[in-house]
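Working notes, structure below.
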Amino acid sequence: MLDRRKALKLLSAGAAAFTFVSAQGSLSSIRKEKNKKHLAMAIDLRRCNGCKACVTSCGVENGNEPDEHRTQVVQVVAESGDKQHALNLPLLCNHCEEPACTPLCPTGATFKREEDGIVVVDSTVCVGCNYCAMACPYTGVRFTNSKTSTIDKCNFCIHRTTRNLLPACVESCTGAARIFGDVNNPDSQISKFLDENEVMVLQSDKNTRPNVFYVGLSQEEADQPYTLHIENTWQR
């Protein structure tokens, strides 16, 4: 089986076939509705130390079982040319502008909130059919909650953010790698951060326009189909 290290190496060898495409275009389209609150997350991979405090705090905050994760930090050895580096890559639902999951939900349980752009699953309506999970191009960001038998995923800690608190993963990040807020507020930390950095999104070719942005991710790394269930090839 081709492991992640080999996959990234092979991909790096063929990097000339890729064109560097940042997410600034996607971000600009989001910001067209300037008077509308739009929540998003930025992750600065230069500051992620792989401690996984975000994973632990998320599970505690949302009452999930230890093997049921709304977020995870994939840790792999990536190669660029003849050099290797450890890549800590936090993953979660991308809260896409054009989510592939919502149109297929037969009950309307999965939907995108008009007031802030968060994609949520209403567990009181969800029937656990898994259609949303199958439609999502980001494997593993959803799972069946063993307590409710309904689909579960990151919702940006909506019970916190509606009270102007930060998501648990952001609050607990020891490296201050996760930044959260309203991208349409020019004075917000995330808005300034996105303006000052070249940002990427995962698998931009899926055209779902994610609202989780990364800094420090190469084009070839961004194009990889990561999953929350990946077996780590490197561990602190």
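The values are calculated or read from the model by the stated rules, or taken from the named source; none is laboratory data. Model, not experiment: these values are computed from the prediction. Because the Cβ atoms are built from the backbone with ideal geometry, glycine has one as well, and the counts that use them run over all protein chains shown. All accessible areas refer to the heavy atoms of the entire protein, side chains included, with ligands and DNA or RNA removed. Shrake-Rupley method; radii C 1.70, N 1.55, O 1.52, S 1.80 Å.
Modelled spin-label separation between Arg113 and Thr227, with each label point placed 7 Å from Cα along the Cα-to-Cβ direction: 3.0 nm. In the chain, helices alone account for a calculated mean residue ellipticity at 222 nm of -5500 deg cm²/dmol, with every DSSP H run of four or more residues adding -39,500 (n - 2.57).
The simple Förster model, with R0 at 22 Å and r as the Cβ-Cβ distance, assigns Asp195 and Glu98 a FRET efficiency of 0.40. A simple packing score, the average count of other Cβ atoms within 10 Å per residue, orders the peptides 87-96, 126-135, 216-225 as 87-96, 216-225, 126-135, with the highest score first.
Projecting the Cα positions of Ser149, Ala168, Pro137 onto the charge dipole of segment 90-203 (unit charges on Cβ atoms of Lys, Arg, Asp and Glu, taken about the Cα centre) puts Ser149 furthest along the positive direction. For Val199, the residues whose modelled amide H falls within less than 5 Å of its own, excluding neighbours fewer than 5 places apart on the same chain, are Ala23, Gln24.
Tell me which residues come under 5 Å, amide H to amide H, from Thr150 once H is placed; ignore anything under 5 positions away on its chain. For Thr150, whose amide H was placed from the backbone, the distant partners under 5 Å are Asn145. I need the shape label for segment 143-208. Rule: rounded when a/c is under 1.5, else prolate if a/b > b/c, else oblate, with a, b, c from the alpha carbon gyration tensor. In terms of gyration-tensor shape, oblate. The Cys residues in the chain with no partner Cys Cβ within less than 4.7 Å of their Cβ are Cys48, Cys51, Cys58, Cys96, Cys105, Cys126, Cys129, Cys136, Cys157, Cys173. Considering only protein heavy atoms and a 1.4 Å probe, what is the carbon-and-sulfur percentage of the accessible area of segment 81-142? In segment 81-142, the share of accessible area belonging to carbon and sulfur is 52 percent.
Measuring between alpha carbons in the structure, the pairs from Lys52/Lys206; Lys36/Lys112; Lys52/Lys153; Lys34/Lys206 lying more than 20 angstrom apart are Lys52/Lys206; Lys34/Lys206. Checking (1) 29, 20, 16; (2) 32, 24, 15; (3) 26, 21, 18 against the coordinates, the calculated semi-axes √(5λ) of the Cα gyration tensor in Å falls under label (3).
Derived scalar couplings between HN and Hα for segment 210-221 equal x, 10, 10, 10, 10, 10, x, 10, 6, 4, 5, 5 Hz in order, rounded to whole Hz, by the Karplus curve 6.51 cos²θ - 1.76 cosθ + 1.60 (θ = phi - 60°), x for Gly and Pro.
Between His85 and Asp205, the simple label model (points 7 Å from Cα in the Cβ direction) yields a spacing of 2.3 nm. A DSSP coil position with no more than 11 other Cβ atoms inside 10 Å describes the following GluC sites (Glu not before Pro) in segment 27-124: Glu33, Glu114, Glu115. Couplings 3J(HN,Hα) for segment 111-126, derived from phi with the Karplus relation 6.51 cos²θ - 1.76 cosθ + 1.60 (θ = phi - 60°), are 8, 9, 6, 5, 6, 8, x, 6, 8, 10, 10, 7, 5, 7, 10, 4 Hz, where x marks Gly and Pro.
Scanning residues 5 or more positions from Val74 or on other chains, those with amide H under 5 Å from its amide H are Leu89, Leu91, with H placed 1.01 Å from N in the peptide plane.
Charge dipole of the chain (Cα centre as origin; +1 on each Lys and Arg Cβ, -1 on each Asp and Glu Cβ, all else neutral): 140 debye, rounded to the nearest 20. The simple Förster model, with R0 at 35 Å and r as the Cβ-Cβ distance, assigns Asp67 and Lys37 a FRET efficiency of 0.55.
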